[in-house]
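Here the structure comes first, spelled out in structure tokens, and everything after it is commentary.
A short reminder: the numbers here are calculations on the coordinates, not readings from a lab. Only a predicted model underlies this, so the values are computations on that prediction, with no experimental measurement involved. In this analysis, Cβ positions are derived from the backbone assuming ideal geometry, glycine residues included, and neighbour counts consider all displayed protein chains.
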């Protein structure tokens, strides 16, 4: 896949920068300031000059470290996603509930995650929906190569427990987590992504729980093992 995509565009400038002496402390301060600025202003309205002014440094100093606005955002995005816990970092009692129990835990906690980590979550959303195609492609490469959410380990966890279909390629199930689960999680929080999700009147918290239950039921029917299959598989393993 990377060979196809790299043939369509020239590599981003920040991927080919020569090594430079750098202060890690200064880099960290720039990234922290950039995360807040991108979160508050959005990707397109954000200005490197404004970030530099806020830090009391020259704009050229930021370009020396990151090469471009894209390069700066990319580093801010990486720090943002690494601030989120991977799928399997849950309490032991939640892990015992299995693959779909862990998913339910994270979907219910979505709103709390945003309250606790508004800036990283906003930067994550910008990386998903608010950047151009070249930068988005770079973000996709990073997510596949580094797997900061531990998606592969999570899917293997479901397979080992006999909860997921073994006739599906593991990469397909991982992709479904990307395409469907994260998109649904975003829609739970941001009405403009899916204004029809909670269109009718009623108690919002009850409606969210109902939507989460419906979503997990649909997902389980798509990639999960049927109850009879699961029982049979468990007996054979034993």
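Couple of notes before you dig in:
- Contour excess over end-to-end distance, with Cα ends at residue 153 and residue 94 and 0.36 nm allotted per residue: 19.6 nm
- Distance from the alpha carbon centroid of region 52-95 to that of region 159-184 works out to 27 angstrom.
- Sequence ranges 97-104, 24-31, ranked by mean other-Cβ count within 10 angstrom, highest first: 97-104, 24-31
- Simple spin-label estimate for residue 40 and residue 58 in nanometres, 7 Å along Cα-Cβ: 2.5
- From the Kirkwood radius over Cα pairs of region 21-81, Stokes-Einstein at 25 °C and 0.890 mPa s returns a whole-number translational diffusion coefficient of 218 µm²/s.
- Only Cα pairs under 8 Å and 6+ residues apart enter the sum, and on that basis the relative contact order of region 21-81 stands at 40 percent.
- Applying 0.36 nm per residue to the separation of residue 108 and residue 170 and subtracting their alpha-carbon distance, the gain on full extension is 19.8 nm.
- Neighbour-count order for 94, 173, fewest beta carbons within 10 angstrom listed first: 94, 173
- Computed from the C-beta positions of residue 134 and residue 209 and an R0 of 35 Å, the FRET efficiency is 0.35 to the nearest 0.05.
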